[in-house]
Amino acid sequence: MYILLLGPPGAGKGTQGALLAEALGLPKFATGDLLRDAVRTGTPLGLQAKAVMEAGDLVSDDLILGVIRDELAKPAAAAGVIFDGVVRTIPQAEGMAALLAERDARMDHVLFFEVSNEEILDRLGRRRSLEGRADDDPTAVERRLVAYRDQTSPVLEWYRERGGVTTINAIGGVEEIFDRVRTAVSGS
Ligand code: AMP
């Protein structure tokens, strides 16, 4: 089962994705995590992505689609993947659909994590003091929210037009939200 978690930065996709991956016995894949690792270890991918990420902008679609292609080619991805924040532009949504179609698969569920802007700013501020992520500083956060509004929200509409989107109220306790996630996924 292929599941995409969509939503603004700080919506809780990472936390809920990890729980869902464990519950379903599927791998979780987050382009943000992969890119951060690449930056940390100084691979060519990391060198390309570093400045763009630190500024809070999106890295190129070609780069992301290459990474998705590699991920889907892994044997562990054959039964499904929980994609956490992996599709953030329309070309990425189209590319992902084509790559899944090559495997006679489709995105079975799209879970949209809905959370207010005030809550996001609050959560990212707290995360910055806990994790020290360079892109959680106020200027980068602002750019990430603009990237989300301009480039990623249209992705939600793209999937809505094709069906299979469930909106998850992402305010509440971790367990409470996970119950909503589980219900959404078991509804099919
Ligand atoms: P995240 O941890 O998901 O917030 O991602 C951190 C950063 O990695 C983003 O602000 C982007 O710079 C980059 N990134 C992660 N996933 C993507 C994607 N699918 N498309 C473009 N950029 C991405």
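The values are calculated or read from the model by the stated rules, or taken from the named source; none is laboratory data. Computed from a predicted structure; not experimentally measured. With ideal geometry, Cβ positions are generated from the backbone for all residues, glycine too; neighbour counts draw on all protein chains shown. These area figures cover heavy atoms from the full protein model, side chains too; ligands, DNA and RNA do not enter into them. Shrake-Rupley method; radii C 1.70, N 1.55, O 1.52, S 1.80 Å.
For the reader, a short list of remarks on this structure follows.
- Hey, residue 134 among the small types (Gly, Ala, Ser) and touching an Asp or Glu at 6+ places or on another chain (Cβ under 6 Å) or not: yes
- One residue stands out in the stretch 101-138 among those that are within 13 Å of the ligand (Cβ to nearest atom), of a type outside the set (D, E, K, R) and in a helix (DSSP H, G or I): the one that is nearest to residue 33 (Cα to Cα), namely 134.
- Residue within the stretch 161-176 that is part of a helix (DSSP H, G or I) and surrounded by 15 or more Cβ atoms within 10 Å (Cβ to Cβ) present: no
- Among the residues of the stretch 73-98, those that are more than 19 Å from residue 7 (Cβ to Cβ), open to solvent by 10 Å² or more (accessible area, probe 1.4 Å) and in a helix (DSSP H, G or I) comprise 73, 75, 76, 91, 94, 95, 97, 98.
- If you go through the stretch 2-26 and keep only what is open to solvent by 40 Å² or more (accessible area, probe 1.4 Å), within 16 Å of the chain's Cα centre (by Cα) and in contact (Cβ under 8 Å) with a residue 24 or more places away in the chain, you end up with 15, 19.
- Members of the stretch 27-54 found to be free of Cβ contacts under 8 Å to residues at least 40 places away in the same chain, touching an Asp or Glu at 6+ places or on another chain (Cβ under 9 Å) and not in a helix (DSSP H, G or I), listed by number: 43
- Residue check, residue 94 over 17 Å from the mean Cα position of the chain (by Cα) and either basic (Lys, Arg) or more than 23 Å from residue 46 (Cα to Cα) (or both): no
- Those residues of the stretch 139-150 which are open to solvent by 50 Å² or more (accessible area, probe 1.4 Å) and under 18 Å from residue 51 (Cβ atoms), in sequence order: 139, 142, 143, 146
- Filter pass, residue 43 being in contact with a helix residue (DSSP H, G or I) (Cβ under 9 Å, 6 or more places away or on another chain), of a type in the set (Ser, Thr, Tyr) and open to solvent by less than 20 Å² (accessible area, probe 1.4 Å): no
- The stretch 55-72, residues that are over 13 Å from the mean Cα position of the chain (by Cα) and assigned to a helix (DSSP H, G or I): 55, 61, 62, 63, 65, 66, 67, 69, 70, 71, 72
- On inspection, residue 61 passes the criterion of being touching a helix residue (DSSP H, G or I) at 6+ places or on another chain (Cβ under 9 Å) and under 30 Å from residue 184 (Cα atoms).
- Residue list for the stretch 12-53, filter: closer than 24 Å to residue 109 by Cα and among the polar types (S, T, N, Q): 15, 16, 31
- Count of residues meeting criterion [within 16 Å of residue 54 (Cβ to Cβ), charged (D, E, K, R) and in contact (Cβ under 8 Å) with a residue 60 or more places away in the chain] in the stretch 99-132: 1
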